[in-house]
Amino acid sequence: MRTPKILILILFIASSSLLSAQEIDRAQLMQDFKYLASDELKGRAVLSEGSKKAQQLIKERFKALGLTSQYEDYTQLFDFGKDKKVENAANIVGFIPGVESEKIIVVTAHYDHLGERDGKIYNGADDNASGTAALLAMAAYFSQNHPQHSMIFAALDAEERGLQGAKALVRDFPFPLEQVTLNINMDMVSRSDKNEIYVSGTHHYPQLKSHLEAAAKKSKVKLMFGHDLPGSGHDDWTSASDHAAFHAEKIPFVYFGVEDHADYHKDSDTFEKVDQDFYYNVVKLILDAAIELDQNIN
């Protein structure tokens, strides 16, 4: 039987919509990345005007994507420090309910950086505008392709001050921590002369490795495992970023990041230094890994 032309048109439109829903919007990704790393945000130091502009972008995007939150205006305020107490630092937290499981995958990236020092702006492009823009791209994907597990997307503040945002989120988590089955953390994901990205955590949680390997098979970027061996000093990234707060609670994590480069924590860490093709392919790889993990872990 020949398919009526109107049905063909409907199927074409539906398939085109599905395809577009599964693709990362490269232009939006780069626009977010460039803005977060721009001089306008002046390095996104905690409590700065640049920090507030970053928060506003993230909140507006979460709202436009239809994400909900357990926190008013997507904002979890927290204080830290003793002698010089910092008040009202802010994590920006969005939520997408799962279609099959009450378990939760928490996707994290810190949006803060070092701010201004000695008249220079420390833009923090790789560290960590790159991870924050990637988080927004992943939230966009899962807002259209609902995950099996519920997902929390947390743009964390004050990582550069001792992982304070991650510690606050874990301390005041909006669900029982027993529901959290995985943390996916992204911190410095846009720079590599070797076309490789590391994923740390499988030494501690080897059950995750096969799913990451499956996701990496179709990637243009080489996925490297390691930087998680106890006793290896600075080479062990287990406590190097926000995933450490989850690991401390025995919550499995995978941490995506590149090795340190010449611009790490310098005012030369700018958007112009980024290989945009590499970064785009990394974000696709991390998204594929998140999909694979969502579909296969308990």
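The values are calculated or read from the model by the stated rules, or taken from the named source; none is laboratory data. The model shown is predicted, which means the values in this text are computed figures rather than measured ones. As a convention, Cβ positions derive from the backbone with ideal geometry for all residues, glycine included, and neighbour counts pool all protein chains shown. Surface areas here come from the heavy atoms of the whole protein model, side chains and all, with no ligands, DNA or RNA. Shrake-Rupley method; radii C 1.70, N 1.55, O 1.52, S 1.80 Å.
Worth pointing out:
- Enumeration of residues in the stretch 253-288 that are part of a loop (DSSP other than H, G, I, E, B), open to solvent by less than 10 Å² (accessible area, probe 1.4 Å) and over 22 Å from residue 220 (Cβ atoms): 269
- Pair list, Cβ under 8 Å, 6 or more apart: the stretch 159-172 residue free of Cβ contacts under 8 Å to residues at least 40 places away in the same chain, other residue in a helix (DSSP H, G or I) and open to solvent by 30 Å² or more (accessible area, probe 1.4 Å): none
Residues checked against (1) closer than 17 Å to residue 123 by Cβ; (2) at pLDDT below 95; (3) not acidic (Asp, Glu):
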{"site": "12", "(1), (2), (3)": "no, yes, yes"}
{"site": "16", "(1), (2), (3)": "no, yes, yes"}
{"site": "25", "(1), (2), (3)": "no, no, no"}
{"site": "35", "(1), (2), (3)": "yes, no, yes"}
{"site": "39", "(1), (2), (3)": "yes, no, no"}
{"site": "64", "(1), (2), (3)": "no, no, yes"}
{"site": "74", "(1), (2), (3)": "no, no, yes"}
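- Search result, residues across the stretch 28-57 that are of a type in the set (A, V, I, L, M), over 21 Å from residue 284 (Cβ atoms) and open to solvent by less than 10 Å² (accessible area, probe 1.4 Å): 41, 54
- Residue-level analysis places residue 146 among those that are of a type outside the set (Lys, Arg) and surrounded by fewer than 23 Cβ atoms within 10 Å (Cβ to Cβ).
- Checklist (1) open to solvent by 40 Å² or more (accessible area, probe 1.4 Å); (2) among the charged types (D, E, K, R); (3) at negative phi applied to residue 250, failing item: (3)
- If the condition is being free of Cβ contacts under 8 Å to residues at least 40 places away in the same chain and crowded, with 17+ Cβ neighbours inside 10 Å, then the stretch 58-74 contributes 59, 69, 74.
- The lone exception for residue 178 - which of (1) over 17 Å from residue 265 (Cα atoms); (2) in contact (Cβ under 8 Å) with a residue 12 or more places away in the chain; (3) outside any loop (DSSP other than H, G, I, E, B) it fails: (2)
- Among residues of the stretch 79-126, those that are open to solvent by less than 10 Å² (accessible area, probe 1.4 Å) and either without any contact (Cβ under 8 Å) to a residue 24 or more places away in the chain or not in a loop (DSSP other than H, G, I, E, B) (or both), counted: 17
- Against the list (1) assigned to a helix (DSSP H, G or I); (2) open to solvent by less than 10 Å² (accessible area, probe 1.4 Å), the condition residue 170 fails is (2).
- Of all residues in the stretch 41-78 being of a type in the set (Lys, Arg) and part of a loop (DSSP other than H, G, I, E, B), the one that is farthest from the chain's Cα centre (by Cα): 42
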